[in-house]
Amino acid sequence: MKRILLFFFLACGLMGGLRSYGQNPLTDRLARQYELWPQERLYIHTATDEYAPGDIVWLKVYIMDAQKFQNIDGSRYVYLELAGEDGSILTRRKIMARKGLYEGYIRVPDGLASGVYGLRAYTRYSQDTPWNTYCHPLQIGQSKALERTYSPSWNVAGTDSLLMARFHEDGSLVLSVPHSSYYLVGTCRMQPFFAGGISAGKDVAFIDLPDGVVTFYLLDASFKVVGCHSELIENGQRQCKVSIGQNKKSYKKGATVKLTLDVGNLAEDEIADLSLSVCKNRHPLGDNIGCALLRSNPAFGLDMDRVFRGDYYSAPAAQEEAQVLEGSVRGAGRKKPVANATVRLIAPQVGQYALATTDSLGNFSFVGLDDPEGTTYVLSAINEKGNDNVVLSVKEPTFPPFPKNAFKVVEVSDTVNVEYGGIDMDEALELNAAYVKAEAPDVDMEVVSSLADFSFGPKKIEEMGATCLHEVLRRVPGVFMQDEKVYIRAITSIYGDNPAAIAINGVIMDEEFDLDDIIMQDVERVDVFKTGQTVIWGTAASSGLVSITTKNGYSVRYDPEEHLNMKNVALLGYQLKSIFEQDYRVMYWNPSVQSQTLEFTVPEIATSGLWRVVLEGITSKGRYIHEETQIRVQ
């Protein structure tokens, strides 16, 4: 059997009259697809992987072009979430880019049970493509064997036996087909490096393949994909070696550590973006930046038949350049859209004031609300004649669901303290509210609450610092808000055909009830019923139910005729910049290394033994840097 040996960088002619590589429709369409939808790849460098409840996780998020491995900063914000095994979000933070750098922290909630948790990073641009987001494992509390089950797959759906592959003893990858003749396209991160023919009895072999996920597509005469094969190639081509030197063999407490970085492998015009940590953890739990990049595959999730025939995908979302608050104004009677209504926005904490006018559909938006966490906006609306007999609604921001069973972890205890960017309600502006009394059912609410799928008791609510019920419900997997209604994915369709019922102190409210009419200071507990337990509420709860118990027993601060033209809104603001402080787990953290020489002092709280030094980064030429060494503390 004949075997044709090819270097990946050689241009080869296509059979059947197809033009040579670089000038044929197949490779041109791959390039055009990535041009229309350039994808991001995220990576989180944490100061360490092992923490205790209450600790601060110092981190840096790298956002890179998934094909070129170069830093990009088109998104103004990156979102961070710490989640449990069941996908429940324990805390969420938003980091704003500062000079192209995404660095900050996330606090481990107090009282968190020991186990492995997932730390995820994403942007609004990448949130709908989970293979481009990044999930990093963190060990909280006592050590436990890591059983990782979530990692974005680099395989391409549709791999079959029509295209057969094997490695030859000389290290080459040999491809063959059992019969007929086909087109063969070889890619790495959707960059074509080969386009040619393959037929039965004439194997095609490749040596010196590029670093990363290499995928070969087998196409018939109509350019339909009839087979494919992927291999992860790691030969060091995309790595830039940097050595780390130190001034002593060991250090006493209080001594100065001096680390020297040898960056001689950088090209003259090559710039490195680096972060460095010195930590006590025994071993890393997650991938390093090299593994995360090499395993990325922008083609994952795409129908390549569609791409090869020229039917391209477009980016599912735009890069987030500013925070936006959207909503609508409708008439109080027939709920028709109110055009040319004036909506006023006031943010007392940051001294912001703005006006917006509704369009013909009654919609409005405020763009550029780039304020820190804890900022509350007070909105009010009047119609064109100055009348406030209108209903103001605000579009609830949505966040992508966290992958279930991301890690095998122990159950989170009921004493979880969720840190969230809330505000002091004593200082917040409160709207006037009327009191109405509802006839309370003769039922033990504690018994009912024990049957809920998710519960937030007084301690959780207090520690969470939520400013509204929406913030509480965002922590429940499968629950989302749309058009001022609550929907539960476990009951309704993914599009939320029927909203969940709302019960206050056991009384199911009418469909016009607005959660914003309840002040969080009055809430005793919140229970969410997603599954068959809703039968205790009757048919009104067939699409799920949210039960709210107030502190004052049977009174509800709610009047459907009062203040429907006003809203208090607390968006997820960006995290303020903080300064790193040494602790017993992290001796040194530098998210933006600007010098080849780094100095720091061994703290008195440092334990004796070996400490890991981890250097990570990416260069302007798309090469990754990952180096480790150790320092000894006496």
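The values are calculated or read from the model by the stated rules, or taken from the named source; none is laboratory data. None of these values were measured; they are calculated from a predicted model. Note: ideal-geometry Cβ built from the backbone for every residue, glycine included; neighbour counts use all protein chains shown. Each accessible area value is taken on the protein alone, full model and side chains, heavy atoms only, with ligands, DNA and RNA left out. Shrake-Rupley method; radii C 1.70, N 1.55, O 1.52, S 1.80 Å.
Name the single residue, out of those in the stretch 132-150 being assigned to a loop (DSSP other than H, G, I, E, B) and closer than 17 Å to Tyr79 by Cβ, that is modelled with the lowest pLDDT. Result: Asn132.
Modelled with pLDDT of 95 or more, among the polar types (S, T, N, Q) and either on the phi > 0 side of the Ramachandran plot or open to solvent by 60 Å² or more (accessible area, probe 1.4 Å) (or both): does that describe Thr260? Lay out the reasoning, then the answer.
Details: modelled with pLDDT of 95 or more: yes; among the polar types (S, T, N, Q): yes; either on the phi > 0 side of the Ramachandran plot or open to solvent by 60 Å² or more (accessible area, probe 1.4 Å) (or both): yes.
Taking the combined requirement at face value, the residue satisfies it.
Matching residues to (1) open to solvent by 20 Å² or more (accessible area, probe 1.4 Å); (2) touching a Pro at 6+ places or on another chain (Cβ under 6 Å):
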{"residue": "Gln39", "(1), (2)": "no, yes"}
{"residue": "Ala47", "(1), (2)": "no, no"}
{"residue": "Tyr62", "(1), (2)": "no, no"}
{"residue": "Ile72", "(1), (2)": "yes, no"}
{"residue": "Arg76", "(1), (2)": "yes, no"}
{"residue": "Gly84", "(1), (2)": "no, no"}
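Within the stretch 174-195, being more than 17 Å from Ser296 (Cβ to Cβ), in a strand (DSSP E or B) and among the hydrophobic types (A, V, I, L, M, F, W, C) holds for Val174, Leu175, Leu184, Val185, Phe194, Ala195.
Can you tell me which residue among Arg120, Arg92 is open to solvent by 10 Å² or more (accessible area, probe 1.4 Å), under 16 Å from Pro400 (Cβ atoms) and outside any loop (DSSP other than H, G, I, E, B)? First the steps, then the outcome.
Values: Arg92 fails: open to solvent by 10 Å² or more (accessible area, probe 1.4 Å).
Answer to the selection: Arg120.
Per this entry, Asn265 is not counted among residues that are in contact with a strand residue (DSSP E or B) (Cβ under 6 Å, 6 or more places away or on another chain) and surrounded by fewer than 21 Cβ atoms within 10 Å (Cβ to Cβ). Please specify each residue of the stretch 44-80 satisfying the condition of being within 16 Å of the chain's Cα centre (by Cα), assigned to a loop (DSSP other than H, G, I, E, B) and farther than 22 Å from Asn297 by Cα. The answer is Arg76, and nothing else. Can you run down the residue pairs with Cβ atoms below 8 Å, 6 or more apart or on separate chains, where the first is in the stretch 289-318 and touching a residue at least 12 places away in the same chain (Cβ under 8 Å) and the partner is among the aromatic types (Phe, Trp, Tyr) and part of a helix (DSSP H, G or I)? So the pair list comes out as Pro298/Tyr34. For the stretch 1-47, a residue qualifies if it is out of contact with any Asp or Glu (no Cβ under 7 Å at 6 or more places or on another chain), at pLDDT below 50 and under 30 Å from Gly617 (Cα atoms), and exactly one does: Phe9.
Yes or no: the stretch 212-219 includes at least one residue that is assigned to a strand (DSSP E or B), at positive phi and either charged (D, E, K, R) or touching a strand residue (DSSP E or B) at 6+ places or on another chain (Cβ under 8 Å) (or both).
Applying the first criterion (assigned to a strand (DSSP E or B)) to the stretch 212-219 yields 212-219.
Checking which are at positive phi leaves us with 212.
Retained after the next criterion (residues that are either charged (D, E, K, R) or touching a strand residue (DSSP E or B) at 6+ places or on another chain (Cβ under 8 Å) (or both)): 212.
Among the residues of the stretch 212-219, at least one is assigned to a strand (DSSP E or B), at positive phi and either charged (D, E, K, R) or touching a strand residue (DSSP E or B) at 6+ places or on another chain (Cβ under 8 Å) (or both), which makes the answer yes.
Trp589 fulfils the conditions (1) open to solvent by 10 Å² or more (accessible area, probe 1.4 Å); (2) more than 30 Å from Ala322 (Cα to Cα); (3) assigned to a strand (DSSP E or B) except for a single criterion, (2). Across the stretch 264-310, the number of residues qualifying as in a loop (DSSP other than H, G, I, E, B), of a type in the set (A, V, I, L, M, F, W, C), more than 30 Å from Asp220 (Cα to Cα) and at pLDDT 90 or above comes to 3.
In the stretch 311-329, of all residues being part of a loop (DSSP other than H, G, I, E, B) and open to solvent by 70 Å² or more (accessible area, probe 1.4 Å), the one that is farthest from Lys385 (Cα to Cα) corresponds to Ser314.
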